Amino acid sequence: MLIAALLLAILVTLHNGTLYQYINPQVNSYGLVTYPMNYAVIYNHVIGSGTYIMYLPPGSYYSIMVLGPGPLGLYMNSSTTVTMQILSQVNYMRFRLNEPYEVSYTFVGSSINTTVTLGPGNYYVIIINNGSGMASIMLALIQNYTTAFVNAPIGIVDYGLAPTIGGFIPYSYVTREFIGSAKIYEANVSPITNCPSLPLGSLSLQLNVVLELGVNGYTQYYWLQNVVIIDPDNEQLLPLINVWNMSSPGAIINPLYILGHGFVVNNQTYIYIGNWTPYTTQPSINLSIYVNKTINDYSEVLFGYSLNGKRTLMDNITLLLKPSWGPYLVVNGSAYTPSGHLIDSEFVIGGPGCGAVVLARRLNISLSLYYLGPANNLLPVPTVWSFGSNTGETIINTRVIPTGPATVY
């Protein structure tokens, strides 16, 4: 269920020679890290696909390389009119050198949803902002599908990045608890890729957060997943818990240092699997993750679950580590874990498991995500993004709509 996410920003100036600027954060007097407006969050969930969120200043462009041959699905929404061009590698080099070039495909507008066919070789999809104002753009490139779909875990995500008129302002905070609350009014999905051990037509609801603690002078990170797999056809739920070590690339879970109701698989993942539980129509589900210290000063993680108001402590995990700092659940928009993953909180829906992709046929789910504030009160997360990044289970044909006075990015 774990995949790497990548943050990257590239600014290319048009018509004045070629200038590539790799963005480095600058710390201001308030200790915040300020990123320019063309900071982009990039992640990949399907082979040959990617979804890009970007801000482009006037007179700049963004380019992405894709590989032919075959169909390429294009889905784009922009706050202003932009130009999209698809160039062969030779013509892309001419474009960069301000030489005459030939265009394979050209589209102009603020909304694009189409499919093109590429020949063999490398191609470049270029988004050009040749207007006078800033362009806020979401671009999805889908290969191996005949039509373009936005493909991601969808729901409520706090990346620790707040969009402002001057760029993204990263922020960070620590808490002892996250709670995700869901009301499922209708759910009907079809599998695009299967997870053989789970029912066809099932999907997952996931609360995914990052645990941070200091041990022996080093900061350790663990990715915590509190999941329910939902089988709408048979109206039943399966609770699932995963713990991954993000403290370094290839870090393991040593079974001698973790205690709980579950087990460790291949020194990679701690897993606890509950029992299939029947539910009534339109269930209300809460998922919670709470961290604390035991009486012996070990790190403790409690995974809670409630169905229609009936609460259950699914697992109580103890890490046999005595931290000098923490344990805390953390969101940090200006750093990665040492394994290269985002330090965020996610309450999302996606495929049931195994990195599976599902297509939403009919879906109506209400989601809320809260954290425990300094006064021990539950607060909504500060900034809401509609797509997740760390988990591999995704859903297509789905979007997020705020139900109150709020903004979703």
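The values are calculated or read from the model by the stated rules, or taken from the named source; none is laboratory data. Model, not experiment: these values are computed from the prediction. So basically every Cβ, Gly included, is an ideal-geometry build from the backbone, and we count neighbours across all protein chains shown.
What tally of residues in region 144-162 results from selecting those that are at pLDDT below 85 and either assigned to a loop (DSSP other than H, G, I, E, B) or surrounded by fewer than 19 Cβ atoms within 10 Å (Cβ to Cβ) (or both)? Walk me through it before giving the result.
Of the residues in region 144-162, the ones at pLDDT below 85 are 144-152, 161-162.
Still in the list and also either assigned to a loop (DSSP other than H, G, I, E, B) or surrounded by fewer than 19 Cβ atoms within 10 Å (Cβ to Cβ) (or both): 144-150, 162.
Residues meeting the conditions: 8.
For R399, which of the numbered conditions (1) of a type outside the set (F, W, Y); (2) outside any strand (DSSP E or B); (3) more than 15 Å from the chain's Cα centre (by Cα) fails to hold?
Going through (1) of a type outside the set (F, W, Y); (2) outside any strand (DSSP E or B); (3) more than 15 Å from the chain's Cα centre (by Cα) one by one, R399 breaks only (3).
What number of residues within region 86-129 satisfy the criterion of being surrounded by fewer than 16 Cβ atoms within 10 Å (Cβ to Cβ), out of contact with any Lys or Arg (no Cβ under 9 Å at 6 or more places or on another chain) and outside any strand (DSSP E or B)?
Final tally of qualifying residues: 8.
In region 97-135, which residues are in contact (Cβ under 8 Å) with a residue 40 or more places away in the chain and more than 30 Å from P163 (Cα to Cα)?
Going residue by residue through region 97-135, those that are in contact (Cβ under 8 Å) with a residue 40 or more places away in the chain are 97-98, 114-135.
Within region 97-135, L97, N98, T115, V116, T117, L118, G119, P120, G121, N122, Y123 meet the criteria.
Among residues belonging to region 379-396 that are modelled with pLDDT under 90 and assigned to a strand (DSSP E or B), point out the one that is nearest to V209 (Cα to Cα).
The extreme case among them is T391.
Just to be sure, is G326 at positive phi, in contact with a Leu (Cβ under 7 Å, 6 or more places away or on another chain) and buried (at least 19 other Cβ atoms within 10 Å of the Cβ)?
On the way: at positive phi: yes; in contact with a Leu (Cβ under 7 Å, 6 or more places away or on another chain): yes; buried (at least 19 other Cβ atoms within 10 Å of the Cβ): yes.
Considered against the rule, which asks whether it is at positive phi, in contact with a Leu (Cβ under 7 Å, 6 or more places away or on another chain) and buried (at least 19 other Cβ atoms within 10 Å of the Cβ), G326 comes out as yes.
Inspect all residues belonging to region 338-361 and state whether any of them is over 30 Å from N194 (Cβ atoms), out of contact with any Phe, Trp or Tyr (no Cβ under 6 Å at 6 or more places or on another chain) and not in a strand (DSSP E or B). Spell out how you get there, then give the answer.
Let us first name the residues in region 338-361 that are over 30 Å from N194 (Cβ atoms), namely 338, 343.
Among the residues that remain, those that are also out of contact with any Phe, Trp or Tyr (no Cβ under 6 Å at 6 or more places or on another chain) are: 338, 343.
In the following step, the residues that additionally are not in a strand (DSSP E or B) were identified as 338.
Yes.
Could you list all residues from region 217-239 that are part of a strand (DSSP E or B) and of a type in the set (S, T, N, Q)?
Across region 217-239, the qualifying residues are T219, Q220, Q225, N226, Q236.
Could you tell me which of the residues E300, E346 is more than 16 Å from A182 (Cα to Cα), modelled with pLDDT of 90 or more and within 26 Å of the chain's Cα centre (by Cα)?
Details: E346 fails: more than 16 Å from A182 (Cα to Cα).
Exactly one residue qualifies, and that residue is E300.
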